[in-house]
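Have a look at the structure below, then the notes.
Computed from the coordinates by the stated procedures, all read-outs in this text should not be read as laboratory data. Just so it is clear, the structure is predicted and the values come from calculations on it, not from any experiment. Note that each Cβ is placed from the backbone with ideal geometry, even for glycine, and that neighbours are counted across all protein chains shown.
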Amino acid sequence: MVKKKEHIAVAMSLGIILAMTTLSNLTTDQSALLAFKARVVDYQSVLTNIWSISYPICTWIGISCGSRHQRVTALNLSDIGLGGTIPPHLGNLTFLVSLDVAHNNFHGHLPNELGQLRRLRFIRFGFNK
């Protein structure tokens with residue numbers, strides 16, 4: 001009986017650690033995306049209400065998350081009327097594989113921080129200013 005309780009206690013501890021790790025990861029990604037949102041111009045208010053801490057990050061428009069780590073793996077914000085410059089905060093999305101912000105009104109240079117995205121395999125910035 002004691003061993004069963006010990007196993008349950010260990011399992012619960014591991015579950016709490018896993019949940020905290022996932023929350024920490026989402027907080028990192030969520031912070032990066034909220035900083036992105038704060039720095040870009042959202043002409044059509046597409047991100048204004050949906051990208052909110054009131055909703056799980058993996059349900060936000062344009063966001064896809066990996067099933068294993070629940071980290072942001074794809075950001076598809078093409079053709080939704082965003083503008084301004086691409087902020088460096090996207091460099092914090094360390095699990096990002098795909099980034100698509102084509103057909104918007106972005107201008108200026110791409111931030112050096114995007115070069116830190118070692119998993120990034122697809123990037124599309126066409127048809128911006």
Using the alpha-carbon centroid of each, what span in Å lies between the range 39-86 and the range 89-129? 13
Which residues qualify? For Tyr43, with a placed amide H closer than 5 Å and at least 5 residues away or on another chain, they are Gly83
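Just rank Asp29, Asp42, Asp79, fewest to most, by other beta-carbon atoms within 10 angstrom.
Asp79, Asp42, Asp29
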Karplus 3J(HN,Hα) series, Hz, for the range 115-124 with 6.51 cos²θ - 1.76 cosθ + 1.60 (x for Gly, Pro): x, 7, 7, 5, 8, 4, 10, 10, 9, 9
If you place +1 on the Cβ of every Lys and Arg, -1 on the Cβ of every Asp and Glu, and leave all else neutral, what size is the dipole of the range 64-129 about its Cα centre, to the nearest 20 Debye? 260
How far apart, in nanometres, would the label points at Arg119 and Thr59 be if each is projected 7 angstrom from Cα along the Cα-to-Cβ direction? 2.2
Net charge within 15 Å of Ala74 by Cβ-Cβ distance, Lys/Arg positive one each and Asp/Glu negative one each, not counting Ala74 itself? +3
Whole-Hz Karplus couplings 3J(HN,Hα) for the range 46-63, θ = phi - 60° and coefficients 6.51, -1.76, 1.60, Gly and Pro as x, run 5, 8, 3, 9, 7, 7, 9, 5, 6, 10, x, 4, 6, 9, 5, 4, x, 10
